[in-house]
Amino acid sequence: MGEFLSNIDLSVFYFVNHTLQNILFDAFMPFLTDLNKKPVILAAVAIGWLWLMIRGGSVGRMAGLFLVLTIAFSDQLNSSWIKHVFDRDRPCHVLPDVHLLVSCGSGYSFPSSHAVNNFAGAVVLSYYYRRWIWAFLTFASLVAFSRVYVGVHYPSDVIAGGIIGFLCAGLVLGGAFVIRKVWKARHPGSRETVP
């Protein structure tokens, strides 16, 4: 069964990395996959986060706070622990014919930290801004797809990353829910200050 799933993973990898190869994706996917390395994008994200915290009202402040907490949690959990449990090499390290469009990177492959963090952030933002759920999840999905297209992750890496991202966000938001219930039980009639 493991070999069967591994063969499917490899076949889908080659389909995305080779068969879908085209001029448009070759230009766009490396840009999308490396957004976290572009100073202008990082500055825009920081400004957006500050806007949430200053001008976003109580919902914006909660979204901004839990976005930072969730991504810090998801990134450390995945990069410092889960990846080292599996120690899976990236496809660009072990396959001879990868269509590699960015630096391969020295880290492990499974699960994809890009997928973990982007889906964790998408879930948090979707919780607070539900009418934009389609945009947040579409963006996270495109980033995950880009990781396979540029040759640095297998499809199973990004699928597992997406699931872990959802779970991390669920744990943080679920913890906030429990704290709110405990707060309300201990302070009946007080103004609610916990999300």
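Computed over the chain, the alpha-carbon pair-distance distribution with 5 angstrom bins reads 1, 8, 13, 18, 18, 14, 10, 7, 5, 3, 2, 1, 0, 0, each value a whole percent.
Segment 115-180 and segment 14-91 have Cα centres separated by 9 Å. Remark on the chain: Cys168 stand apart, with no other cysteine beta carbon under 4.7 Å. Residues in segment 28-34 carry Karplus couplings, in order, of 7, 5, x, 4, 5, 5, 10 Hz; the curve used is 6.51 cos²θ - 1.76 cosθ + 1.60 with θ = phi - 60°, and Gly or Pro positions show x. For Lys83, the aspartates and glutamates whose Cα comes closer than 17 Å to its Cα, not counting residues fewer than 8 places off in the same chain, are Asp75, Asp157. For the chain, the relative contact order comes to 26 percent (Cα pairs under 8 Å, sequence separation of at least 6).
No lab work stands behind these numbers, since they all come straight from the coordinates. All values derive from a computational prediction rather than experimental measurement. Quick reminder, even Gly has a Cβ in these numbers, built from the backbone with ideal geometry, and neighbours come from all protein chains shown.
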